[in-house]
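Read through the structure below, which is laid out as structure tokens, and then see the notes.
Just so it is clear, none of the values below were taken in a lab; they were calculated from the coordinates. Computed from a prediction, not measured in an experiment: that's the story for all the values here. Positions of Cβ are generated from backbone atoms using ideal geometry, with glycine treated the same way; all protein chains shown enter the neighbour counts.
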Amino acid sequence: MPFANPLTWANIAPAVGEMYLTFAVCAILMVDVFAGERRRGLTPTLTLVALVIGAALQLQFGAVRERVTLFDGMFVADELGQVLKLAGYLFLAVTLLYSRSYLESRNILRGEYYVLMLSALLGIFVVVSANSLLTVYIGVELLALSVYAIVAFDRENPIATESAIKYFVLSAMASGALLYGMSMIYGLTGTLELDAIGAHLASPMPLGVILGLVFIVVAIAFKLGVVPFHMWLPDVYQGAPTCVTLFVSTVPQIAYFSLVLRLLTHGLDGAMQAWSQMLIPLAVLTLVVGNIVAIVQTNLKRMLAYSTIGNVGFIVLGFITGTPAGYSAALYYTLVYVLMVLGSFGVILLASRTGFEADELEHYKGLYSRDPLLALIMLVLMFSTAGVPPFVGFWAKLRIFQELWATHHVWLVVIAAAASVIGVFYYLRVVKLMYFDAPAGELPATARSSVRWALGINALAVIALGVLPGPLLDLCARLFK
Amino acid sequence: MDLPLLSILIWLPIAAGVAVLVLGDRNIIAGRWLALAASVVTLVLAVPLWSHFDTGTAAFQFGELHRWIPAFHADYRLGVDGISLPLVALTAFMTVPVVIAGWRVIEKRPAQYFAAFLIMEGLMIGVFAALDSLLFYFFWEAMLIPMFLIIGIWGGPRRVYATLKFFLYTFLGSVFMLVALIYMYVKAGDYSIASFQSLPLTLVEQRWIFLAFLLAFAVKVPMWPVHTWLPDAHVEAPTGGSVILAAIMLKMGGYGFLRFSLPIAPDASRELDLLVIALSLVAVIYIGFVALVQQDMKKLIAYSSIAHMGFVTLGAFIVYAILTNTGGLQGAALGMDGAMVQMISHGLVSGALFLCVGVLYDRVHSREIAAYGGVVNTMPKFAVLMVLFCLANTGLPGTSGFVGEFLVILASFKASFWYALLAGTTLVLGAAYTLWLVKRVVFGPVANENVAHLKDLDGRESLVLGALAIAVLVIGVWPAPLLNVMEASVRHLVDQAVASKIPL
């Protein structure tokens, strides 16, 4: 079969992000190999520059007027993908900015970290642009393999290695489930292309499709950290070096969002009733377990892990609505949530020092008297994550509530509201420790690096988007028109 | 008048608060003066709001409208009518004494203290001025954050418990209000309060909406049995925090009933009015007894606040009983007038009483009633003012406390003799717990060493308490201007409250 579309630049330009990142991964790997010990700082700087160039290229060539598919329908480029990829560049750049001094102070500033981050980003991009079951799987695996390695990259650290293995074993099962579910769908519809699967789904749905769907939903639930498939998440968050946790909890969220979007709401749109019914109990469990278990945590990273689980419940609620408006609410929630988590882990990174991990809640006692600015930033982020106005987290929750009401999910509204009240408690506890308690003993001062500015801007963004939420909300709404 | 006066009233204190925060504890002298200047300027700017207010109409005035969130038709929509204007003025008025009262007393993190109160002032004015329910909710919740910090940082020994309880209680109530607001948004298509008020709703819908609102506002007022956070919060809060809590924050609950519950769910309000009236009477009587046995001055005033706020909810919901009993609306407005005057009066009186306790606490560092006695001997000036405020608290004619209680009891008579009789017990109970407090703290022989060494009010304290005393007396003997401002809006509200919204 001859190619319908010859390989001209105009035809492949929308895939500029993936092509560029592939090149960048190889180039930076080479540079790192030859830079040697003495020019350790080269790779991080180069990676940041690469991200900026990537974003510029994406803006220049990646923009598409309307949805186009490339490579025989394997790859899709649309405005949503464009926004998600730009967000990916931005979030990864912030992650790298925050983590550098942490890596340096622990003497683990290695090139692999940066190369693996870029390859994970490439995996994310592939998922974002996937229009075929195969592309989805390739992207998910590229991302997952990069993340296993990043979690374990501090090889001297046994806990990190342990959590990497745990993550790997469990995640491999999820990948298997995903592949198994995909094969069933493929067997029953005869196509891998997501655009075409919808057309081949007969009504009434054959049982095989439902069965395949179950496996796909399980895999997605695992990736997102939905209860009862969440076991890996707290261990990985706590065990990984904080700069890795920062990455694991933020940038891949874009991929997981796209995974649900491309697979369920696009490819399996016809089975919406079925997967939405499956997601409802999962979402309820996730909201309840995530928020309640977070209360009893004594480790801040682990608490934020359960907080992530609780928040993922909200994102899933957005999908349960089964409407484009609901998906846009989920997208908004994802973006906002990543913004807030970036800041929260950024604070942990700054509060840590050589030989001292500020990851226990105890360490935040009296943070105010040691570092008022850092405490203020954390206060903003905690209240925002709790969903208290005037911060942006409130609007994210509001959007979900709105769409649940619009689709008459009364009980889900009530449960989500109750869960968010429970959630407030443990976020307030962090504020309480920082502001109301006296410092417990002598703790090292917090890092005074230029990262503080970035963190300050991060917190300001949380405030600004909270007071004037219009533009971002409009953007998210437009992407699903 | 082209100045966006309401916006200035909201954002000026907030901007000043941020500036004080930036100046920090190192430049606290500048910070203090900036805080004072900002609160005074806000008060001065509230004067044209009052003087240019057209009392002939129930329409919202000083309106402002800007696009805020086009995605779901929530606008930055401000305006005041006769119900919100007095509350905006009260907020602007009460922040000045709080700033002055904290002038020297606050030694720990003073910049944050002043910043928190200024930011809170702006947010509270925003609550009263917002005509978009989402904007209202935005301010309503945002305000919890500074109060949470105020109680938690500058509070007493059990401050952490008190502030967490305060936050969680109010947040729990508010979340369900938000759920109700979103429900109406889905039906109405935008978030403006006016479109909610004109939105037809079936009785079942109204019932749920009413209950959601009741949860939010009852916690805030607070009504029995969800009042338990208030005594804790008051006891642990620093003086300024108690003042704002009692004077303004509780009024938001009352305001919510008047702005949301009655006009948005009138049929459910009519159906469930007995519930609110019963809870109000429980507050008046039972909480009155509870106040009687308190050992702690702040706790006593806190319980007294709950009892007094019972009059506000009683006055607001008595309208239906009057309607069924007399067949006409004569006197219905009386209850609402009473509720409004009671809110303003209680704001002034309870704020003043907490300031009085603060004056004593700064000197002796105890709030126990038993730690005092015979204060009049060493602090005559203070004693005069304290006795005045206590008498106002009992509803003595000639003070503001009288007007509100009298109007509500009068309205209750039109509804039912029993309501009036039960509400009237407050005249006995209120007098009992307040005057007993006066007897034990102010009068009698000098009780101990501490009291013997008390110094009378200094200029700063005299100024603050004196200004409040004048306000209490002026409203007491000449409430006409206040009633005048409210009249048109209250009549309009009564019309809304009795008009059915059930679609035919």
(request) Subtract the Cα-Cα distance of A:Q60 and A:L373 from 0.36 nm times their separation in residues, and report this length gain in nm to one decimal. (result) 108.9 nm
(request) Would you mind finding the longest exposed-site-free stretch of chain B, with exposed trypsin sites (Lys or Arg not before Pro) meaning DSSP loop and at most 12 other Cβ atoms within 10 Å? (result) B:159-454
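Could you work out the relative contact order of chain B? I mean the mean sequence separation of Cα pairs under 8 Å and 6+ apart, divided by the number of residues, in percent.
On the way: 911 pairs, mean separation 81.8, N = 504.
Reported as a whole number, the value is 16 percent.
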(request) Indicate the gyration tensor shape class of the range B:272-346 (rounded, prolate or oblate), computed on the Cα atoms with a ≥ b ≥ c the square roots of the eigenvalues: a/c under 1.5 is rounded; otherwise a/b larger than b/c is prolate and the rest oblate. (result) prolate
(message) Run the reach check for B:K108 against aspartates and glutamates, Cα to Cα strictly under 15 Å, same-chain hits fewer than 8 apart removed. What comes back?
(response) A:D437, B:D25, B:D362
(message) How big is the range B:436-504 along each principal axis, measuring the range of its Cα positions in Å and listing the largest first?
(response) 73, 24, 20
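With the Cα gyration tensor of the range A:376-481 giving a ≥ b ≥ c as the square roots of its eigenvalues, does the rule (a/c under 1.5 for rounded; else a/b larger than b/c for prolate; else oblate) give rounded, prolate or oblate? Intermediate results must be reported in sequence, preceding the final value.
On the way: a/c = 3.86, a/b = 1.55, b/c = 2.48.
Note, shape of the range A:376-481 comes out oblate.
For chain B, what is the mean residue ellipticity at 222 nm derived from helices alone (per DSSP H run of n ≥ 4: -39500 (n - 2.57); sum divided by total residues; nearest 500 deg cm²/dmol)?
Value at 222 nm, helices only: -24000 deg cm²/dmol.
Taking the Cβ-Cβ separation of B:L3 and A:F34 as r and a Förster radius of 56 Å, what is the calculated FRET efficiency to the nearest 0.05?
Working: r = 66 Å, r/R0 = 1.18.
Once the sixth-power term is evaluated, E becomes 0.25.
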(message) Taking the beta-carbon count within 10 Å as an exposure proxy, list B:W229, A:W9, B:W154, A:W411 from fewest neighbours to most.
(response) A:W9, A:W411, B:W229, B:W154
(message) Which residue, B:I306, B:A278, B:M340, has the largest displacement toward the positive end of the dipole of the protein assembly as shown when charges sit on each Cβ (Lys, Arg +1; Asp, Glu -1)?
(response) B:I306
(request) Return the lysines within reach of B:K299: Cα separation strictly under 18 angstrom, same-chain partners fewer than 8 residues apart disregarded; answer none if there are no such residues. (result) B:K165, B:K220, B:K439
(message) What is the distance in Å between the Cα centroid of the range A:1-70 and that of the range A:87-137?
(response) 13
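Projected area of the range A:101-190, taken from the Cα convex hull and averaged over every viewing direction, in nm²?
Details: hull surface 25.5 nm².
The Cα convex hull of the range A:101-190, projected and averaged over all directions, gives 6.4 nm².
List the pairs from B:K187/B:K501; A:K432/B:K251; A:K166/A:K223 whose alpha-carbon separation is above 19 Å, in the order I gave them. Write down the numbers at each step before the final one.
Values: B:K187/B:K501 14 Å; A:K432/B:K251 27 Å; A:K166/A:K223 14 Å.
Check vs 19 Å cut-off fails for A:K432/B:K251.
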(request) List the aspartates and glutamates whose Cα lies under 13 Å from the Cα of A:K481, skipping any in the same chain that are fewer than 8 positions away. (result) A:E66, A:D78, A:E79
(request) State the percent of C-alpha pairs, over all pairs in chain A, separated by a distance greater than 34 angstrom. (result) 31
(request) With everything on Cα atoms, drop me the angle between helix B:400-415 and the longest principal axis of chain B, reported from 0 to 90° to the nearest 10. (result) 40
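Grab the DSSP H runs of chain A that are 4 residues or longer, score each as -39,500 (n - 2.57), total them, divide by all residues and round the 222 nm result to the nearest 500 deg cm²/dmol. Kindly include the intermediate steps, with their values, before the conclusion.
Numbers: 21 runs with 348 residues, N = 481.
Only helices count here, giving -24000 deg cm²/dmol.
Compute the whole-percent fraction of alpha carbon pairs in the protein assembly as shown spaced more than 52 Å apart. Don't skip to the end; give the middle numbers.
On the way: 119859 of 484620 pairs.
Counting pairs separated by more than 52 Å, the tail of P(r) holds 25 percent.
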(message) So for chain A, averaging the separation of alpha carbon pairs under 8 Å that are six or more residues apart and normalising by length, what relative contact order in percent results?
(response) 13
(message) Quick check on the range B:209-248: take the gyration tensor over C-alpha atoms, sort the square-rooted eigenvalues as a ≥ b ≥ c, and tell me if it's rounded (a/c under 1.5), prolate or oblate.
(response) prolate
(request) Calculate the spin-label point distance for A:A418 paired with A:L211, positioning each point 7 Å from the Cα along the beta-carbon direction, and give it in nanometres. (result) 3.7
(message) Please compute the contact order of the range B:228-352 in relative form: average sequence separation of alpha-carbon pairs under 8 Å and at least six residues apart, divided by the residue count, as a percent.
(response) 32
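For chain B, what D do you get in µm² per second when you plug the Kirkwood radius from alpha-carbon pairs into Stokes-Einstein at 20 °C and 1.002 mPa s? Kindly include the intermediate steps, with their values, before the conclusion.
Details: Rh = 22.6 Å.
Approximately 95 µm²/s, per Stokes-Einstein.
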(request) Along Cα→Cβ, 7 Å out, is where each label goes; now give me the distance between the ones at A:S450 and A:A199 in nm to one decimal. (result) 5.4
(message) Between 0 and 90 degrees, rounded to the nearest ten: what's the tilt of helix B:297-326 against the longest Cα principal axis of chain B?
(response) 30
